[in-house]
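Take a look at the structure below.
Bear in mind that the values in this text are calculations on the coordinates, not laboratory data. Keep in mind the model is a prediction, meaning the values are calculated, not measured. Here the Cβ is made from the backbone with ideal geometry for all residues, glycine too, and neighbour counts use every protein chain on show.
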Number of protein chains: 2
Amino acid sequence: MAGLYFEDFKVGDTYKSTRMTVTESQIIDFATQYDPQPFHTNIEAAKESIFGGLVASGIHTVALAFRLFFMTGALENNLGSPGFDELRWLKPVRPGDTLFAVGEVMETTPSKKHDDRGTVRFRYSSHNQKGEMVLSVIGKQILKKKPI
Amino acid sequence: MAGLYFEDFKVGDTYKSTRMTVTESQIIDFATQYDPQPFHTNIEAAKESIFGGLVASGIHTVALAFRLFFMTGALENNLGSPGFDELRWLKPVRPGDTLFAVGEVMETTPSKKHDDRGTVRFRYSSHNQKGEMVLSVIGKQILKKKPI
């Protein structure tokens, strides 16, 4: 899967990652640094929250999905990203959940300005061990074309 | 600013954070764990990239903006977020950049289903020491109403 260039991406292609288990300490460590809300950092307070227990920061969930997706090798020739058009946290991610990520090609657009690159629009998603989609993101990546 | 409830947010209100300097080691540490692309983790490879030097992972930039925004206290009664509708990485964030975040209230909608909460739509942005907006995010938060 490694070493893909812009031309290699076709609408409908999907890239599926390996799986990774999220631990309680990862959830608390990330949130303590970046998203210090009680339902992400405090087991006792989380029990009283609408989640009924500790849940991963949404930003942590996004970071984990992209870490899994980068491991597929699909973005080895990625030059950057202008942004996301839609991001949905669909289900909480809890300690012990085992996640995998999927990227589906929605659209490919060669750059008009730069001969050496193009934009690929992906729908990314992250899924848990119960078959639930926990995260959905639509976003663009700028990918290098094959060297001539 | 602490302890704000749904009713306290009015369209046009803005909440501005303190400032924080991003270091090279923070950028490399985050990216090594979550976004291991060469322009985020490898100083030499980053020099050859389109960025011309090391830049923070976009997901790290989002995490930093929310960490700064949470420090304002505006989201102390936050119950969670369904997602973002638009996210744009406008400028690279580089080692030594000093950032602050701003949240502007765009819309407030009481919940029809739950008497005790409402949704606030924010435009978040993150800004560097040169006055450049580096990140723009439109997203929703579900906030508790004042206890009766």
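With the structure loaded, tell me whether residue B:142 is on the phi < 0 side of the Ramachandran plot and surrounded by 13 or more Cβ atoms within 10 Å (Cβ to Cβ) or whether it fails that test. Taking the combined requirement at face value, the residue satisfies it. Looking only at residues in segment B:79-128 that are polar (S, T, N, Q) and crowded, with 17+ Cβ neighbours inside 10 Å, the one that is farthest from the chain's Cα centre (by Cα) is B:108. Number of residues in segment B:76-106 that are of a type in the set (A, V, I, L, M) and within 7 Å of another protein chain (Cβ to nearest Cβ): the value is 2. Note on segment A:11-40: among residues that are in contact with a Leu (Cβ under 8 Å, 6 or more places away or on another chain) and closer than 23 Å to residue B:67 by Cα, the one that is surrounded by the fewest Cβ atoms within 10 Å (Cβ to Cβ) is A:24. Looking across segment A:41-68, the residues that are facing chain B (nearest Cβ under 10 Å) and of a type outside the set (A, V, I, L, M) come down to A:49, A:51, A:57, A:58, A:60, A:66, A:67.
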